[in-house]
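Peer 1: Please find one structure pasted underneath; my questions will follow.
Rule-based calculations on the coordinates, nothing more; no lab input. Being a predicted model, the structure only gives us computed values, none of them experimental. Here the Cβ positions follow ideal geometry from the backbone for every residue, glycine too, while neighbour counts run over all protein chains shown.
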Amino acid sequence: MLALFRHNTLINSLALLAYTVLLRSFSFFQTEAYASTSQGVLSDWFFGLLDRSHIGADVIGILLVFFQAVMINRYVIVHRLAQRITLFPGVLYVLFTAMLPCYQQLSPELLANTCVIAILPILHKTYRQKQIALQVFNAGLLIGLASLFQSAYLILFVWVIICIVIMNSVNPKRVVQGLLGAVVPMVWSLVICYWYDSLSSCRLRFGQGFGFLSFGSTLPGTYWWVMVIMALLLIWGLLSFGSSLSKRLIKSRKGNEALYWLLLMSGVVVLFTAGVNEYGFLLLLIPLSVILSHRFSDSSYESVAELGHFSLFVLLVFLNAYQYFG
């Protein structure tokens, strides 16, 4: 099945769309809506307009994940983060974000992931450039926007500053430029809330998203097996740090370093999210899909890569089928 995604052509991209529809088709059988006390102000507004029990919400979720996968593939290909041009990063992202039955539906974390993915090429453009004020501002703007979906994503501002230091240099002005960008969506949200006389609830909603070692609902028994597998994949990704940097251009190495810092900061976000549950791990899947894709594409044993992907695919189908039809 991986052979369909070893080349970057229109046919392969259409196959990726079909792959996304196939894996996320279980969402049409979802009956329980997402519920969280830590979702942001913009999430409240978005889900208030959207009937998540309607088929339209499932279609939006499928298209959103496909769009995110395309963004990830474009970032990896354009900036040459991998030795070979494949669609594996997007394929693994689609696979991981459909692994748990609860991941099949829209969530604030999934919406906020779009902003985080959009930041990656912006940060890469700052590499050894003198005039980067606009890029830093835009990166901060997207972090602020992501925090309106899920408040704890504001912590990723630290990751943005670290990446700017990696790509460019240490400069206190960059922090101020990024902060100005992050404040803009927050100010606009406060103005709108004030206009509709809901300023106090808006501030309360934003603050409720933060906590420390605050865990929400417990995972069903079948979910723990997946989380164990995710933990093993995470360890595999961390151990692959050296191979992700070898035989690559310096600029490409910097991009992979930024992904590893995102992997680490994602763990910090999980620790400081109020009522964190299985949805909190969706952020980890962005860097993990790219990092592990290097192992799949660089492997000289294609049959082993095929077997690994097929095993994850079968596990996904089994868990979702068991959840809905078991």
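Peer 1: Out of residues 5 or more away from Gln150 or on other chains, whose amide H comes under 5 Å of its own, with H placed 1.01 Å from N in the peptide plane?
Peer 2: Amide H neighbours of Gln150, under 5 Å, 5+ apart: Gly40.
Peer 1: Could you please tell me the mean projected area of the C-alpha convex hull for the stretch 1-146, averaged over all directions and given in square nanometres to one decimal?
Peer 2: Dividing the Cα hull surface by four gives the mean projection, 10.0 nm².
Peer 1: Within a 10 angstrom radius of the beta carbon, how do Ser25, Ser252, Ser303 rank from fewest other beta carbons to most?
Peer 2: Going from sparsest to densest Cβ surroundings: Ser303, Ser25, Ser252.
Peer 1: If neighbour count is taken as other Cβ atoms inside 10 Å, put Tyr196, Tyr153 in order from fewest to most.
Peer 2: Final ranking by Cβ density, sparse to dense: Tyr196, Tyr153.
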